[in-house]
Amino acid sequence: MAENLSRRSFIQNLGVGIGTTAAAFAIPSIVSIPESKPKYEGRKLGIALVGLGSYAKNQLAVGLEKTTNCYLAGIVTGTPAKAEEWMKKYNIPKKNVYNYQNFDQIADNKDIDIVYVVLPNSMHPEFVIRAAKAGKHVMCEKPMANSVEECQEMIKACKDAGVQLGVGYRMHFEPFTKEVIRMSQEKVFGDLRFIQSNFGFRIGDPTQWRLKKAMAGGGPLMDVGIYCVQAARYVTGKEPLAVTAQFGPITDQERFKDVEESVSWQFDFPDAVTVNGFTSYKTNIEQLFITADKGFMHLSPAYSYGPIKGRTSQGDLHLPVVHHQANMLEAICKEFLETKQFPPHISGEEGLKDARILSAIYEAAGNGKKIKLV
Ligand code: NAD
């Protein structure tokens, strides 16, 4: 296991060894422990955050203070008081501050390489497409959009404009997650049999956008259930064949007028692997459990900002604890500076695949039928 490996082979093992079945989730090396000097040393990409809410403020901006190859160069906000506060705190010049109306002028701003959309889900398509038309590379928060069609439009807009599009799938870069992916796909414990993936929390303010279908696209499935869908895909390196699903009971009529309170689903994966998922806005739960012929792997916490904790049937996993957002942005920008492309495993096409699966889960829960995904 990881604790028995030398530091060098351990780091190498995190970066290599994934076979062709895992092409979509080929794992980059851990960026927080560089072994050689990057080719692009000294270059920093300028990132503009669009929407200065909780995730932008408490996670991404904090992460961008720790990165070496990118920095917070600009902001887009509808609140002038926030603009003042952020300009002061992060030393952002006024020329790099936009609102939602004049945002398109960012096209003329050479300081901004990447626009990072961190708005409520329903606003992702508009701002990704506007960023692409302004000629900027785009990162978009999950879920990429509330519908398959919108994901397709976003991908097309970025392709037409010749810009990169990535989804903020931070777990792809997280060391415990990467180790579980490696162990699963290298069959360290033999063939996978069953995966249980759950993510839920008790939601607060009943007036927030996350509880409005028009803005959020749905309830906990769109918000955190997507992590469980992602986990099933990155652990197996494969795509689900079919899904059945059930909505849970509504115990809070005030909050859950518009979106589901909870939903469970069951995926059939290739090679007779079954995956059970559960997500909820009423239950604190967070785990990824994978059982294989000769042992198990378990992460809990598995998806929140960390520290992620993990063990296998051979003992606890001891891996570096990283700042998820700094780690992700450093890795994405490293790849971009070296290849002019974002890592393929966070592409818009990956966001589109998730959108299709989320939509199938809702369909299955709505009509009680098994929905085929291939
Ligand atoms: P938030 O409510 O804290 O922030 C939303 C921001 O959008 C606020 O600054 C708000 O002023 C702005 N906004 C603009 N127009 C708005 C409107 N009409 N209604 C509501 N807000 C409006 O939300 P958040 O938690 O920062 O989430 C933003 C995005 O980031 C979502 O897509 C969410 O899924 C994603 N997110 C990702 C992670 C992750 O770990 N990857 C974590 C949290 C959130």
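The values are calculated or read from the model by the stated rules, or taken from the named source; none is laboratory data. Here the structure is a predicted model, which means the values were calculated and not measured. Methodologically, a virtual Cβ is constructed for each residue, glycine included, from the backbone with ideal geometry; neighbour enumeration extends over all protein chains shown. Ligands, DNA and RNA are excluded from the accessible area calculation, which covers all protein heavy atoms including side chains. Shrake-Rupley method; radii C 1.70, N 1.55, O 1.52, S 1.80 Å.
Using a cut-off of 30 Å between Cα atoms, the listed pairs Lys142/Lys309; Lys82/Lys136; Lys44/Lys212; Lys88/Lys212 include Lys44/Lys212; Lys88/Lys212 as exceeding that distance. Among the cysteines of the chain, those with no neighbouring cysteine Cβ under 4.7 Å are Cys140, Cys151, Cys158, Cys228.
Using just its DSSP H runs of length 4 or more, each adding -39500 (n - 2.57), the chain gives a mean residue ellipticity at 222 nm of -9000 deg cm²/dmol after division by all residues. Between Val115, Val224, Val259, the Gaussian network model of the chain with springs among Cα atoms under 10 angstrom shows the greatest mean-square fluctuation at Val259. Taking only Cα atoms and a 10 Å spring cutoff, compute GNM fluctuations for the chain and point out the largest among Tyr100, Tyr362, Tyr234. Of Tyr100, Tyr362, Tyr234, the most mobile in the Gaussian network model is Tyr100.
Taking square-rooted eigenvalues a ≥ b ≥ c of the alpha carbon gyration tensor, is region 295-374 rounded, prolate or oblate, where a/c under 1.5 means rounded and, failing that, a/b exceeding b/c means prolate? Oblate. The magnitude of the dipole of region 38-132, with charges of +1 and -1 set on the Cβ of Lys/Arg and Asp/Glu and taken from the Cα centre, is near 240 debye.
Projected over all directions and averaged, the alpha-carbon convex hull of region 134-207 occupies 8.7 nm².
Can you give the FRET efficiency to the nearest 0.05 for Glu65 and Thr339, using r as the Cβ-Cβ distance and R₀ = 25 Å? E between Glu65 and Thr339, to the nearest 0.05, is 0.45. Of the residues Val138, Ile112, Met123, the one whose Cα sits farthest towards the positive end of the charge dipole of region 86-144 is Ile112 (charges of +1 on Lys and Arg Cβ, -1 on Asp and Glu Cβ, taken about the Cα centre).
I'd like the distance between the alpha-carbon centres of region 86-142 and region 171-194, rounded to an integer number of Å. About 35 Å separates the Cα centre of region 86-142 from the one of region 171-194. Of all aspartates and glutamates in the structure, the ones whose alpha carbon falls short of 16 Å from that of Lys89, not counting any fewer than 8 places away in one chain, are Glu65. With both residues required to sit in the chain, DSSP beta bridges show an antiparallel share near 60%. Dipole magnitude for the chain: computed about the Cα centre from +1 point charges on Lys and Arg Cβ and -1 point charges on Asp and Glu Cβ, it is near 500 debye. Where both bridge residues fall in region 68-220, DSSP classifies roughly 0% of the beta bridges as antiparallel.
Put Glu153, Glu335, Glu260 in order of accessible area, highest first, and with a 1.4 Å probe you get Glu153, Glu335, Glu260. Between Ala272, Met222, Ser262, the Cα set farthest toward the positive side of the dipole of region 222-289 (charges on each charged residue's Cβ, about the Cα centre) is that of Ala272. Sorted largest first, the principal axis extents computed over the alpha-carbon atoms of the chain equal 58, 54, 36 Å.
With all protein chains present, how much of the accessible area of the chain (probe radius 1.4 Å) comes from carbon and sulfur, to the nearest whole percent? Reported share for carbon and sulfur atoms: 51 percent. Computed from backbone phi, the HN-Hα couplings of region 239-256 come to 10, x, 8, 7, 9, 10, 7, 9, 6, x, x, 8, 9, 9, 5, 5, 6, 9 Hz, rounded to whole numbers (Karplus: 6.51 cos²θ - 1.76 cosθ + 1.60, θ = phi - 60°; Gly and Pro given as x).
Most tightly packed first, judged by the mean number of other beta-carbon atoms within 10 Å of their residues, the peptides 203-211, 267-275, 56-64 read 56-64, 267-275, 203-211.
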